[in-house]
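J.: Can you keep this structure in mind? I'll have questions shortly.
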Amino acid sequence: MTITLQNISMKFSNTTAVNQLNVTIPKGELVSILGPSGCGKSTTLYMLAGLYEPTDGAILFNGKDVTKLTPEKRGIGMVFQNYALYPHMTVLQNIMFPLKMHKVKKTEAKAKAIEMAKLVEIDHLLDRKPSMLSGGQQQRVAIARALVREPEILLLDEPLSNLDARLRLTMREEIRRIQQALKITTVFVTHDQEEALGISDHVLLMNQGELMQFDVPQNLYDEPNHQFVASFIGSPPINYFEGEIVSGVLKTPFGYDISFEAPDQPVQIAVRPENLYLSKSGLHREVQHVERIGKDTLAVIGTDEDKIRLFLQKEEHVEVGQVIHVQANQADIRIFQKSGERIYVKG
Ligand SMILES: Nc1ncnc2c1ncn2[C@@H]1O[C@H](COP(=O)(O)OP(=O)(O)OP(=O)(O)O)[C@@H](O)[C@H]1O
Ligand SMILES: [Mg+2]
């Protein structure tokens, strides 16, 4: 099922939760909607589900306009943040419930529910009540229940946010496995960039109701088209340096110039922490702080107001208080206008 969002907006009295979103979610893909709290992720998902009718624009499934269809008529399965399992029902009854509501024969419903329970690997827990399950197991029941009617689209709203870090990791891999096994078009809402980049075919990054970038995960990281994207993606965050384009030339803090076909203007020069390296020349700053995090050593240099972060190589050692020189290759530098738009290097 290909999902097309045609210029959809959602206005609540005085808030524009989603503003003129245009995007096509390819058939069979897992697409994450990512962005900060309040940016319109859930609202977008609810419009796909048919729980909200957009105030403007159209939603198409395989080219067919479904904007006015009720949730039941859309052929979707949905999992919410809190799972919403029925506490008095067993796992099997929970999974069978949507089929029962649609008057599927009991033997058939049971067989289908067991098949789904096997897919999500909880078929040994069928007689338990939800209160007797771990968070991850409850999550699997919710997914099985969402899938039992064989929807063509699976919608997930922060399905892992109630789980601890380790279980989140396992469950996100599970969601990807199940999605790939069924080749079901899936839209996954999260505010966790690692989760989104980790399992998605494409990521839809939003800010304040607007689409910032719809792209494959690697491009979001390597080729952000806006300063918001560059800053939102990546941890530790990307570094910025002030610069200015004068007569088509930008003097970088690293001692070399870059040419642009752009008007004179102040710009932000952005470099990721892994793309700064120690050298004999270039920018020099005092070392503030050094952190060893597992295999990585992160150095924080500069002042509190102007912190720069870089990863050191295994054999490199720096002391707090020492002044070091750092460099970046031109290929690793991204330039943004003050308005946030990316400026691309000539050639
Ligand atoms: N029913 C509603 N009535 C009025 N305003 C709403 C309603 N639902 C959402 N909003 C507003 O719309 C904006 C987007 O909300 P939404 O729930 O889509 O954000 P979100 O990206 O899912 O955030 P979170 O990560 O916190 O779940 C917010 O400013 C929110 O306050
Ligand atoms: Mg939300």
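The values are calculated or read from the model by the stated rules, or taken from the named source; none is laboratory data. All values derive from a computational prediction rather than experimental measurement. Reconstructed Cβ throughout: ideal geometry from the backbone, glycine too, with neighbour counts over all protein chains shown. Quick note on the areas: whole protein, heavy atoms, side chains included, nothing else; ligands and nucleic acids left out. Shrake-Rupley method; radii C 1.70, N 1.55, O 1.52, S 1.80 Å.
J.: So which residues in region 94-131 are assigned to a loop (DSSP other than H, G, I, E, B) and touching a Lys or Arg at 6+ places or on another chain (Cβ under 6 Å)?
T.: Initial filter on region 94-131 (assigned to a loop (DSSP other than H, G, I, E, B)): 102-105, 120-129.
Passing the criteria: 120, 122.
J.: While we're looking at this one, here's another question. Just for region 256-280: of the residues that are touching a residue at least 60 places away in the same chain (Cβ under 8 Å) and either under 21 Å from residue 312 (Cα atoms) or of a type in the set (Asp, Glu) (or both), which one is surrounded by the fewest Cβ atoms within 10 Å (Cβ to Cβ)? Quick ask: steps written out before the conclusion?
T.: Here is the first cut: in region 256-280, the ones touching a residue at least 60 places away in the same chain (Cβ under 8 Å) are 256, 258-262, 265-272.
Next cut, either under 21 Å from residue 312 (Cα atoms) or of a type in the set (Asp, Glu) (or both) only: 261, 269-272.
Numbers: 261: 11, 269: 21, 270: 23, 271: 26, 272: 22.
Only one residue fits best here, namely 261.
J.: Looking at residue 190, is it away from ligand 2 (no atom under 16 Å from the Cβ), hydroxyl-bearing (Ser, Thr, Tyr), modelled with pLDDT of 95 or more and touching a helix residue (DSSP H, G or I) at 6+ places or on another chain (Cβ under 7 Å)?
T.: It is false that residue 190 is away from ligand 2 (no atom under 16 Å from the Cβ), hydroxyl-bearing (Ser, Thr, Tyr), modelled with pLDDT of 95 or more and touching a helix residue (DSSP H, G or I) at 6+ places or on another chain (Cβ under 7 Å).
J.: May I pose another question? Any idea how many residues of region 5-23 are more than 19 Å from the chain's Cα centre (by Cα) and either away from ligand 1 (no atom under 15 Å from the Cβ) or open to solvent by 30 Å² or more (accessible area, probe 1.4 Å) (or both)? Give the steps one after another, and end with the answer.
T.: Filtering region 5-23 for residues more than 19 Å from the chain's Cα centre (by Cα) gives 6-16, 20.
Filter again for either away from ligand 1 (no atom under 15 Å from the Cβ) or open to solvent by 30 Å² or more (accessible area, probe 1.4 Å) (or both), leaving 6-7, 11-16, 20.
Residues in region 5-23 being more than 19 Å from the chain's Cα centre (by Cα) and either away from ligand 1 (no atom under 15 Å from the Cβ) or open to solvent by 30 Å² or more (accessible area, probe 1.4 Å) (or both): 9 in total.
J.: Then there is this: Of all residues in region 24-53, which are open to solvent by 10 Å² or more (accessible area, probe 1.4 Å) and more than 12 Å from ligand 1 (Cβ to nearest atom)?
T.: If the condition is that a residue be open to solvent by 10 Å² or more (accessible area, probe 1.4 Å) and more than 12 Å from ligand 1 (Cβ to nearest atom), then 24, 26, 27, 28, 29, 50, 53 are the ones that fit.
J.: Looking for whichever is within 16 Å of ligand 1 (Cβ to nearest atom), hydrophobic (A, V, I, L, M, F, W, C) and open to solvent by 40 Å² or more (accessible area, probe 1.4 Å) here; the options are 232, 188. Which one fits? I'd like the intermediate steps shown before the answer.
T.: Numbers: 188 fails: open to solvent by 40 Å² or more (accessible area, probe 1.4 Å).
Criteria check complete, one pass: 232.
J.: Can you work out which of the residues in region 197-216 that are touching a helix residue (DSSP H, G or I) at 6+ places or on another chain (Cβ under 7 Å) and closer than 27 Å to residue 119 by Cα is nearest to ligand 1 (Cβ to nearest atom)? Don't jump to the end; show me each part of the working.
T.: Looking only at region 197-216, we keep the residues that are touching a helix residue (DSSP H, G or I) at 6+ places or on another chain (Cβ under 7 Å), and these are 197-200, 203, 205-207, 212-213.
Checking which are closer than 27 Å to residue 119 by Cα leaves us with 197-200, 203.
Details: 197: 17, 198: 18, 199: 18, 200: 16, 203: 14 Å.
Among residues in region 197-216 that are touching a helix residue (DSSP H, G or I) at 6+ places or on another chain (Cβ under 7 Å) and closer than 27 Å to residue 119 by Cα, the one nearest to ligand 1 (Cβ to nearest atom) is 203.
J.: Also, quick follow-up: For region 314-323, state whether one or more residues are open to solvent by less than 50 Å² (accessible area, probe 1.4 Å) and closer than 27 Å to residue 223 by Cα.
T.: Taking every residue of region 314-323 in turn, none turns out to be open to solvent by less than 50 Å² (accessible area, probe 1.4 Å) and closer than 27 Å to residue 223 by Cα.
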